[in-house]
Each structure stands twice: as structure tokens, then as C-alpha cells.
Protein chains: 2
Amino acid sequence: MGFELTKEYIDQVCSAVEQKDRQWLDENIFDLHDADIAAVISELNTEDAYKLYRLLTEDRQGDVLMELDDDARDLIIKKYSSKEIAEQLENMESDDAADLIGDLPQKQIEEVLSHITDDEAAGDIVDLLKYDEDTAGGLMQKEFIKAKLEWPVNRCIVELRRQAEEVEKVFTIYVVDDEDKLVGFLSLKRLLFASPSTKIEDLYQSKNLISVKTSDDDEDVARVMEKYDLVSVPVVDLQNKLVGRITIDDVVDVIKEEADKDFQLASGISENIESSASVWRISRARMPWLLIGLLGGILGAQVISGFEGGIHEIPALAFFIPLITAMGGNVGVQSSAIVVQSLARGNDQFGSIFKKIAKEALVAVVNGILLSIIIYGVAYVFDSITLGWVVSLSLFTVIMFAAVFGTLIPLLLDKYKIDPALATGPFITTLNDVLGLFIYLTIGMILYGI
Amino acid sequence: MGFELTKEYIDQVCSAVEQKDRQWLDENIFDLHDADIAAVISELNTEDAYKLYRLLTEDRQGDVLMELDDDARDLIIKKYSSKEIAEQLENMESDDAADLIGDLPQKQIEEVLSHITDDEAAGDIVDLLKYDEDTAGGLMQKEFIKAKLEWPVNRCIVELRRQAEEVEKVFTIYVVDDEDKLVGFLSLKRLLFASPSTKIEDLYQSKNLISVKTSDDDEDVARVMEKYDLVSVPVVDLQNKLVGRITIDDVVDVIKEEADKDFQLASGISENIESSASVWRISRARMPWLLIGLLGGILGAQVISGFEGGIHEIPALAFFIPLITAMGGNVGVQSSAIVVQSLARGNDQFGSIFKKIAKEALVAVVNGILLSIIIYGVAYVFDSITLGWVVSLSLFTVIMFAAVFGTLIPLLLDKYKIDPALATGPFITTLNDVLGLFIYLTIGMILYGI
């Protein structure tokens, strides 16, 4: 089950690196998996991390580099000259290489590219840098195996052997016509069992051929691969020419990032930031929602001040203000979370909006009645029968409104192409706070006859 | 880019199914991908769905069945006799078959199994039913390709051809010794290029062999496959015997479910439920958090009632109650979200707790100062300089506390093996509400000299 890091182990690594104890490192680190070496490097201070990294053989440096997280990778890359970076790139797959240098200044990118000796590799990187990183083009790699329709199986195996040297993982062979247009695919398994003289055109499969376009959104690519259980998907350009492939491991990262982003949006964080980001970046990412919350609070103050006379007369009315606002927020967030998730799964194309709202309203009625009965008793014991009625009636009303808004707002946002996960956050809470206060105090004034 | 459902298309399908228009169905549905047919079936009413399903050829029925969501699948399975279910199972992979009948009553499971003619297949299903569905054993399938160390390549290809008939996707060949213990692996690519007389033992790879145990948690399996970029992973028993394999498509589902669960926990929903679940189930799943919120509200009422005299004297104090509770909640949720995500990624093994809290506190200081300055101005304009001081001082204090608790609580929960995503929900909001009220009103009493 892989490999576990311990504090002691990291301490040993530190001293071995500082004493340049090659033998210890050979025995204890260098035959680990790239991902494990990267995990070790992430735990070291910058100095030791860099030293350990330089002790790796050259062709492993690139692999380990790609397993590091962005911050650690940037630290190491900064210490390299353009020529050294170019050397690293030659041991990498094209998509990793493009990702690695994509964030460098334009001038340095050109310098690095001029040092790459393999023209084809350099061309692939230049090509990949053209695409937006959130698209299929930005996700794909140029390493894939393709076969032509008219090839016989033995020719295909010879070509495959040649191509396969640079393709780390072979899942599927893509079949193209004379113009390089994608026409089908062929599993390695099928090729293995075919007789050498069979032609590819008699062997390949064109039914159920799934491909994506370079301009497709990366989240759509993830949805397609997930839906059709694909481990790799071919990428075509506007003319249906085969230009790359995307493998599932890169898509798993997209799925994780998407889930993280939704979780953060729902928690009131507007940019996807690592917990290792700087204090300023973290502050900035959180500010927008806090300002919305502040505005909501100010509006709430405005509402309450409108009822100042009533509160002066019956101060007990103030007791249940936090209960009303909290419950409105909780119910709203619960309702919206369900809608946000169904929208994210994309399985509600025809689910009628009214059916959803009706169901949420029903759930709200059930929960509202139960909670109102409880709070009636509590407020009665606390103060008076009148307060019992005020709190329970308004709690019920607030729960109903919160449920309906919690359902409606994400649906509306989605309709206007805004990420509905926004709705689950402070947005709904804030709206329900203001509305809840108004309902509560109005019912209070009426029942107390003020 | 796959296939899009439209309202018109579904209407056409409905009438074709009702008129048994086989020709239209052949041309427009039956050569779609299984996943697309399942999507169409999900959009039909139960009657039509079942009719369309029965029109599929027998060997496709099983494949389409596995692409349906749980509810739709149960509806179809209910209409089948045990014998018919057994026939379906024979066209399925072992893990899908076990999933399908796992939820049936024990008696019916035995009946279904007795109707399966292939003894080996029945044995595989019985074996898989033993494992908990949240473990590697519950996720694995019995279809995989294995080779023995002493085989030459040509023997391996013959065996492979025999085994491969029942293994839909071949990624890696697992190599075992005489006792069936896993010793290494071999890529199909490597086998394809080897000379026929080479022995497997001279060809296979044992370095970087990653496997999981049947009892491993499914989320750990997902983490391992993600970390090492695997498309399939072998599963071994306690004696290291090879018993199954897990493919990435099943793990992608685990990753999605895990993300959904965290999102729901953070939104105050305690069970993973589909939006199609019954009103009662939805109500029940939401109740625990609403009760915690209610309890928080009651405690809040208790706190405020302790300051009843003060509010009677200065009703303006009540104005900013919602602001204080809302901001405490927002800041707390933001802080905890970041911690929950780092914990979920498992990349904070040595990240010291105090370092994290210090950083959150720093972010809180920055945001707290900014927001306090704004609210000072607002409260001053609203009412008085004194209220300005009360609100801004207490807002700053509440933000500091909320940030520290928001960081500490998920770390504590994680330490005691409770899912930290719990913390992001109403739990932290409620705690911060009560604490915030106390801080606000106390500062109010002091500054107003009551």
C-alpha cells in the first residue's frame, strides 16, 4: 500500500543529504517511486530539497519534478539556467513540459525552447502552449500511437515499436485516414491477437468512437471520460484531424480541482488557493464574501432599527434574532447544496424547476413544523406564550422562504451561466438573514399589537 | 463530443417505444453507446423505460443496466424473476454483478446464484459479496490477466488470449509465483515487443510494484491510484495472493462520491442522498444539523436574555446582532474549509498545527482590521461614536476567535478520526454565533458603562 513518511525518516534523509551519504540515499530513497521521492522533497527545507534533487539521475529529475506541487517546483526551476531547463524538458512528456514552462516569462520560454535539440519535441511544446490551460488542448499530450487504415498488422507493430518508445502508457491505438483525420480506434489487445497480414481497416472499430475537440472545456472532457469510462480520449482539431490525446490521470486532477473549487465557493472563498499561499493572497480571496456578509449585516441593522420602538418595549424580541437568522441560513444552504450537486452532475436536463421547488417546499414543511413545535415550547418557557407564537410562526415562515430561495437561486445562476456553487455560500445566508429578520420582527409587532 | 439529449428526441423515443417502431429505434438508439442509452432510459417514465430496456439485445441489457443510476436500476430489477436476473449477471463483470445483487434480500441472492450456470462466475460473485463495499475488496473485480514467472512469452500470449475473452479492458498483466503470490507486473506493450521464447521472469518488472489489500479503505485506494497515476491496481489478500484488480473508472466514482459527501457535510446534510430520494429521507438527513442550529439559537437567546437590561436601555445594541453572528460564521467557515481540504489531500503530515493557526490568525488580523474600519464608520453614521467602537471592536475580536476555532476544530476532529468536513457546516457557525454574541454584548456593556 505504497509508502509512509515518518518524522524519523525525514530526519535521516536530512542528515544523509547534508553529509552527501550517497550509499544511504541509494538504498533508502533512489529506488522509491517518483511520487514518493517528490513527497520526501516536499518535506525538506528549500536548501536540502534542492541538494537531494540534484543527486537524482538526470532522466529521473524531470519525472520527480512533475510530481512536486507547484510551489516546490517553482523553487527548483528558479535555480536553473534556461539551458538546464531545456535538458529537463527533453525527458518529459509534451504536456508536462508545456505546463512546466508555461508560467515562465515569455523571454525565458523562447530561450529555453532555443536550447532544445530535438526539433519535433520543441515544436510539440510550442504547439501545446497555444491552448488555454482549461481546455482539452491545454490538457492533451502529443505522445500517442496512431495507425493508418491501409497498414497491415505487422507494419503497425513495427511502427508501434518505433512510436512507443516515447509513449509511456499505451492504452489504445488511434486509426487515421490519409488526411490524418480520426476514423476509429483499436485496442492493443485486439492487435496482439490479430494475424500479421490483416489490414487495420478490417480490424479497427469506428462504432462508439468518442473524441473531444481542442477547444472543449476541461470539465466537459472530464464528464465525457467519466460517462463513457474511458482511460484515454483522442483530441481532434476543427477539421477532425488527430492532434493529441488526454489520459485519465490528468482528468482525475481536473475532477479533484473542480470539486475543490465548488467546496471553496460554497465556503465563501473566491479563488482556488493552496493553504501554502501568502497571507495577502488568502486575505484577498476571502474578502469579497466577507464584504457581502458585512453588507447583509448592515441591511439587517437597518431592518432592526426600523423596529427600534418595538424592541425598546419588548426587549425579549431581541433574544431570538440569532436563532431566526441562523436557521434561515442553515435551511437555505441545505436546499441549495442539493441543487448545486445535481447541476454539477448534469443529470437534471429535464428535471422541471417547479417539481424541485415543490419537493423542497414539502421537506421544508415537514422540518418547519417539527422545529416550530420545539421552539414554541422553548420560547414559552423562556418568556411568554406570545413570544412562543411569534418565534414559532416566524421560524416556520423563514424556513419556507429559505428552502424556496435555496432552490431557486442556484437554478437561476446556472441559467445565466454563473457557477451555482456561489449560491451555497454566504450569498444565500446573507439574503435569508435580511429576509428572516423582517419576517420575524413584523410578526412580532403584529402579535404583540405594537 | 458524445451525444446530447433534447426534449424533442425524448418525445420521439417515447412514441417509437409505444408504437414498437423497431426500425426507428434501430437507427436512432440501438447503436448509441451504453451510457447514452442509459441516459435516454433515465428520462422516460417507468413503463416506457422498461419497454425500451426489454427491446435491447440480451447481452447489452446488462451493460446498459450498469450505466443506470441506482433508482432506475432497482425499478428494472424488481420486474425480473431470479432466473432472469441470473441471465443478466452472466453478461456482466464480476464486480458489477456483485453490486447489482448485493442489495437484494439474502433469500433472493441465493436463488439468483443457484440459477447461474457458470460455476466459476457464481463463485466469483459469492467471493466478492463477502467484502464491505467501502473497501478495496468491495471495489475489485475478479477479471484480470495473470501470468506465471516461468512461462515463456508465447505461452503467455496463448493464455492471455484465453483469459482476455472475459476481461474487457487489459492494461497490465500481473505476474505471480507458484503460490499465486503477486511478484510483479508486465505491460502489454512490453509483451508485444518481446521475442516469443523470452521467459516472463526475464521480462517482468517488480520495482515500483504497487498493490492494495482487500481490507484497505476505498478512499485510500483512490489516493494510491491518484498518487502513482495508475489506471489499474492489483488487489492481494493477507497472504499477498493476487485476488482481484481495481480499475480507474471505479475509482473515479469513489473520488466523486467522496467530494460530494464532503460538500454535503459542509452544507449540513448528514447522509449522502440523491435529490431523487423521498421527502422523509431528505427531511431526516437534514434534521441533525437543524437541531444543532436550533440549540445554538436557544443558547444565543440565553446569552442575550442575560443582557436584557442593557438592550432595554440601548435598543440600538440589537441592531448589529445579525452582523456579528453572520461574520463570525463566515470567517469560521472560510478558515475551516482550507484546513478540511488540506486534510483531505493528506498533504499536511508534518505541517505543524501552530504554524497553521498562526497563519490563519494573521489573515484574520488583516481582514479584521479592514472590516472593523468600515463598520466603525457605518455604526457611527447609524447611531453614535460609542456604537461605532462597540461594533468595530467586537467584530475584530469575533473574527479573530472565529479564525482560530475554524482552524482548530477540523484539526481536532481529524485527530479523533471524525470526518473534519463536519466542522465546516453548521457546527462552527453555531459555536461562533454563541461566542460572538457574548463578546459583542459584553463589550457593549463595558463601553456604554452599563
Hypothetical label at B:Ser384: residues of the stretch B:423-450 whose amide nitrogen lies under 13 Å (7 Å Cα-Cβ projection): B:444-450
Given A:Lys107/B:Lys227; A:Lys142/B:Lys169; A:Lys78/A:Lys146; A:Lys142/B:Lys142; A:Lys130/A:Lys415, the pairs whose alpha carbons are separated by over 25 Å: A:Lys107/B:Lys227; A:Lys78/A:Lys146; A:Lys142/B:Lys142; A:Lys130/A:Lys415
So how much slack lies between A:Lys261 and A:Leu209, counting 0.36 nm per residue of separation and subtracting their Cα-Cα distance, in nm? 15.6 nm
Relative contact order for chain B: what percent, with Cα pairs under 8 Å and sequence separation of 6 or more? 11 percent
What whole-number distance in Å separates the alpha-carbon centres of the stretch A:180-232 and the stretch B:207-246? 27 Å
Charge dipole of the protein assembly as shown built from unit charges on the beta carbon (Lys, Arg +1; Asp, Glu -1), centred at mean Cα; most positive-end Cα among A:Ser211, B:Ala285, A:Ile101 is B:Ala285
With an 8 Å Cα cut-off and a minimum separation of 6 or more residues, compute the relative contact order for the stretch B:1-110 in percent. 21 percent
In chain B, what % of DSSP beta bridges are antiparallel (nearest 5)? 75 percent
Using the Kirkwood radius over C-alpha pairs as Rh, can you work out the diffusion coefficient of the protein assembly as shown via Stokes-Einstein at 4 °C, viscosity 1.567 mPa s, in µm² per second? 42 µm²/s
Placing a label point 7 Å from Cα toward Cβ, how far apart in nm is A:Leu209 from its equivalents in the other copies, listed shortest first to one decimal? 4.0
Would you mind checking the pairs B:Lys20/B:Lys261; A:Lys20/B:Lys355; A:Lys256/B:Lys359 and listing those with alpha carbons more than 32 angstrom apart? B:Lys20/B:Lys261
Sorting A:Tyr174, B:Tyr80 on the 10 Å Cβ count, fewest up front, what's the list? B:Tyr80, A:Tyr174
Before anything else, pin down the relative contact order of the stretch B:140-293: Cα pairs under 8 Å, at least 6 apart, normalised by residue count, whole percent. 20 percent
Computed about the Cα centre, the charge dipole of chain A from +1 Lys/Arg and -1 Asp/Glu charges at the Cβ has a magnitude in debye, to the nearest 20, of 2320 debye
Antiparallel %, DSSP beta bridges [both residues in the stretch B:146-248], to 5: 70 percent
Using the alpha-carbon centroid of each, what span in Å lies between the stretch A:97-145 and the stretch A:371-414? 57 Å
Rounded to the nearest Å, what's the spacing between the alpha carbon centres of the stretch B:6-72 and the stretch A:69-95? Just the number, please. 51 Å
With only helices counted (DSSP H, runs n ≥ 4, each -39500 (n - 2.57)), the per-residue ellipticity at 222 nm for chain B, to the nearest 500, works out to -20500 deg cm²/dmol
Given backbone amide H placed at 1.01 Å from N, residues whose amide H is under 5 Å from that of A:Lys213, ignoring those fewer than 5 places away on the same chain, are A:Val236
Based only on the alpha carbon positions, what is the Kirkwood hydrodynamic radius of the stretch B:146-248, in angstrom? 14.1 Å
Using unit Cβ charges (K, R positive; D, E negative) and no other charged atoms, how large, in debye to the nearest 20, is the dipole of the stretch A:146-257 about its Cα centre? 640 debye
Given charges at Cβ of Lys, Arg, Asp, Glu: chain A dipole, positive-most of A:Gln23, A:Gly138, A:Leu265: A:Leu265
Let me know the mean shielding of A:426-439 by other chains, meaning the per-residue number of their Cβ atoms within 10 Å of its Cβ. 2
Using 0.36 nm per residue of separation minus the Cα-Cα distance, give me the extension gain between A:Glu90 and A:Arg162 in nm, one decimal. 24.2 nm
At R0 = 25 Å the Cβ-Cβ FRET efficiency linking B:Gln23 and B:Lys83, nearest 0.05, sits at 0.20
Take every DSSP beta bridge whose two residues both sit in the protein assembly as shown, then give the antiparallel share in percent to the nearest 5. 75 percent
Calculate one ³J(HN,Hα) per residue across the stretch A:38-43 by plugging θ = phi - 60° into the Karplus curve 6.51 cos²θ - 1.76 cosθ + 1.60, and present them in order as whole Hz with x for glycine and proline. 4, 5, 5, 4, 4, 8
Karplus-derived HN-Hα couplings along the stretch B:422-433 (A = 6.51, B = -1.76, C = 1.60, θ = phi - 60°), whole Hz, x at Gly and Pro: 3, 5, 5, x, x, 4, 5, 4, 5, 4, 5, 4
Residue by residue through the stretch B:102-109, the couplings from Karplus 6.51 cos²θ - 1.76 cosθ + 1.60 with θ = phi - 60°, in Hz, x for Gly and Pro, are x, 8, 6, x, 3, 4, 5, 4
Note down, for chain B, the three equivalent ellipsoid semi-axes (square root of 5 times each alpha carbon gyration tensor eigenvalue), biggest first, whole angstrom. 57, 31, 19
Base-10 log of normalised Debye intensity for the stretch B:279-448 (one unit scatterer per alpha-carbon) at q = 0.08, 0.13, 0.18 Å⁻¹: -0.28, -0.68, -1.08
For label points placed 7 Å from Cα toward Cβ, what is the shortest-first list of nm distances from B:Gln239 to its copies? 6.2
At B:Leu55, with labels set 7 Å past Cα in the Cβ direction, how many nm apart are the copies from this one, shortest first? 6.8
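Read-outs throughout are calculated quantities, based only on the coordinates presented, and are distinct from any laboratory measurement. Keep in mind that this is a model prediction, so the values were computed, not measured. Please note: Cβ atoms are built from the backbone with ideal geometry, for glycine as well, and neighbour counts cover all protein chains shown.
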